[in-house]
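Novice: Attaching a single structure in structure tokens format; questions to follow.
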Amino acid sequence: MFETVAKYADGWAIGSWYLPSIDEYRQKLEQLKLHFLEVGREFESLKRAIGATCILAENKIKLNEKIKRFKPVEVTVEKYETTQNLLCGTIEECIESLEKYVDAGANYFILDFPDIITLETVRLFGEHVIPSFK
């Protein structure tokens, strides 16, 4: 796949069903860079996106309430948080997580918000997270 991306793609995204750890993401970008070198393309010209589910709350209590609503019934909150690779946390934790991916090389994010009906996460994201990256 990386060979095809290096030859033909303007962008590359790793999807929301699998959010790699920061180390995994760095490794994948290093592999991509090698393929870009092989085909003689500038790696920096590639748009690099992370797709993720984002569960965001103002504090840990509200976050745990949201997680309880969205996790499978048979899974504990703790297991859900540790086994699902999500952008999941308070505003500060979300900003910190996104910063790590930006530092690793991501320059776009494709996010889905499971509580879109209430627009609360979108509001929090727009009011608090986005301004941190301007």
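Novice: List the longest stretch of the chain that has no exposed loop site; here a site is one of the GluC sites (Glu not before Pro) assigned by DSSP to anything other than H, G, I, E or B, with at most 13 other Cβ within 10 Å.
Specialist: 75-134
Novice: Let me check against my output: what whole-number percent is the relative contact order of the chain, with C-alpha pairs under 8 Å and at least 6 apart?
Specialist: Relative CO of the chain lands at 30 percent.
Novice: Residue by residue through segment 114-127, what is 3J(HN,Hα) from phi via Karplus (6.51 cos²θ - 1.76 cosθ + 1.60, θ = phi - 60°)? Round to whole Hz and write x for glycine and proline.
Specialist: Along segment 114-127, the couplings run x, 9, 4, 4, 8, 6, 4, 5, 4, 5, 4, 4, x, 7 Hz.
Novice: Here's something else I'd like to know. Between Glu24 and Glu65, what is 0.36 nm times their sequence separation minus the Cα-Cα distance? Round to one decimal in nm.
Specialist: In short, 11.8 nm is gained.
Novice: Now for a separate question. Rounded to a whole number of µm²/s, how large is the Stokes-Einstein D of segment 2-133 at 10 °C and 1.306 mPa s, given Rh as the Kirkwood radius over C-alpha pairs?
Specialist: My calculation gives 100 µm²/s for D.
Novice: Also, quick follow-up: Compute the acute angle (0 to 90°) between the alpha-carbon long axis of helix 22-39 and the principal axis of greatest extent of the alpha-carbon atoms of the chain; round to the nearest 10°.
Specialist: For helix 22-39, the angle is close to 20 degrees.
Novice: A follow-up question, please. Could you list the square roots of 5 times each eigenvalue of the Cα gyration tensor of segment 89-131, that is, the equivalent ellipsoid semi-axes, sorted largest first and rounded to whole Å?
Specialist: Its equivalent ellipsoid spans semi-axes of 20, 11, 9 Å.
Novice: A follow-up question, please. Contour minus end-to-end for Lys100 and Phe2, with contour as 0.36 nm per residue of separation and end-to-end as the Cα-Cα distance?
Specialist: 33.0 nm
Novice: So which chymotrypsin sites (Phe, Trp or Tyr not before Pro) in segment 1-73 are both in a DSSP loop and have at most 12 other Cβ atoms within 10 Å of their Cβ?
Specialist: Trp17, Tyr18
Where a number appears in this text, it was derived from the coordinates with a stated rule and is not lab data. As the structure is a prediction and not an experimental result, all values here were calculated from the model. Neighbour counts are summed over all protein chains in view; Cβ atoms, including those assigned to glycine, are modelled from backbone coordinates with ideal geometry.
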